[in-house]
Amino acid sequence: MANGSAEQTAQPGPPAPAPTTRSLCEPRRCFIEAQLRLKRNATAVYQDLVDQFGFAGHYNSVKRFVARLRVREPEQFDRLEFAPGEEMQADYGEGALTRVPGTDRYRRPRLFVATLRYSRRSFRRVVWKSSQQVWAELHEQAWRYFGGSAQYVVLYNLPRAAE
């Protein structure tokens with residue numbers, strides 16, 4: 001340039017992708033797809049390719065090819081819709097070893113969690129004594145906390161509550 005400054009050049013772009021190599025399995029794609037529809041695994045497909053067609057490739061090439069061909073169904077899940085105040089989940093279980101307040105003894109406390117399904121709002125309590133009376137009182141405390149009861153309550157770990 002005439003003003004003496006260094007000439008600016010554009011930054012080089014990313015390297016060109018390497019040319020893709022064709023799999024040794026590609027000529028037998030129809031056979032492999034038919035075997036996968038029969039729910040055969042890559043090992044069985046490889047053994048058939050060697051026995052029936054004199055396949056000269058390695059097992060890993062068949063395994064990679066099969067992995068690309070396999071259709072994976074998306075994991076199904078159901079979205080559950082709940083109206084406000086319709087359902088509450090109550091879970092009653094055991095906690096980790098914890099020092100009992102005021103002593104040097106360690107015990108496992110009982111944990112109570114009540115969760116509203118609509119809002120996911122939770123009520124949690126830790127208790128040291130477990131009985132049916134305590135379990136019922138915890139439900140009452142949860143309903144007071146939430147400002148009312150749900151139409152129905154789903155109980156988890158119910159056998160432990162009666163201990």
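The values are calculated or read from the model by the stated rules, or taken from the named source; none is laboratory data. Remember, it's a predicted structure, so these values are computed and weren't measured experimentally. Please note: Cβ atoms are built from the backbone with ideal geometry, for glycine as well, and neighbour counts cover all protein chains shown.
The table that follows gives values for the structure above.
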| read-out | value |
| --- | --- |
| Condition met for residue 73 (part of a loop (DSSP other than H, G, I, E, B), within 26 Å of residue 147 (Cβ to Cβ) and within 31 Å of the chain's Cα centre (by Cα)) | no |
| Of all residues making up the range 135-159, the number that are without any contact (Cβ under 8 Å) to a residue 40 or more places away in the chain and closer than 13 Å to residue 93 by Cα | 1 |
| Contacts under 7 angstrom Cβ, first residue in the range 52-76 being in contact (Cβ under 8 Å) with a residue 24 or more places away in the chain, partner of a type in the set (Asp, Glu), 6 or more apart | 69/33 |
| Qualifying position, being among the acidic types (Asp, Glu) and touching a Lys or Arg at 6+ places or on another chain (Cβ under 6 Å), among 94, 140 | 94 |
| Single residue of the range 25-70 satisfying the filter (small (Gly, Ala, Ser) and either part of a helix (DSSP H, G or I) or assigned by TED's automatic domain parsing to the domain that holds residue 153 (or both)) that is surrounded by the most Cβ atoms within 10 Å (Cβ to Cβ) | 42 |
| Matching residues, the range 45-89, being at pLDDT 90 or above and at positive phi | 54 |
| Qualifying residue in the range 136-144 (condition: out of contact with any Cys (no Cβ under 9 Å at 6 or more places or on another chain), in a loop (DSSP other than H, G, I, E, B) and over 30 Å from residue 27 (Cα atoms)) | no |
| The range 76-106: number of residues that are of a type in the set (Val, Ile, Thr), part of a loop (DSSP other than H, G, I, E, B) and surrounded by 11 or more Cβ atoms within 10 Å (Cβ to Cβ) | 1 |
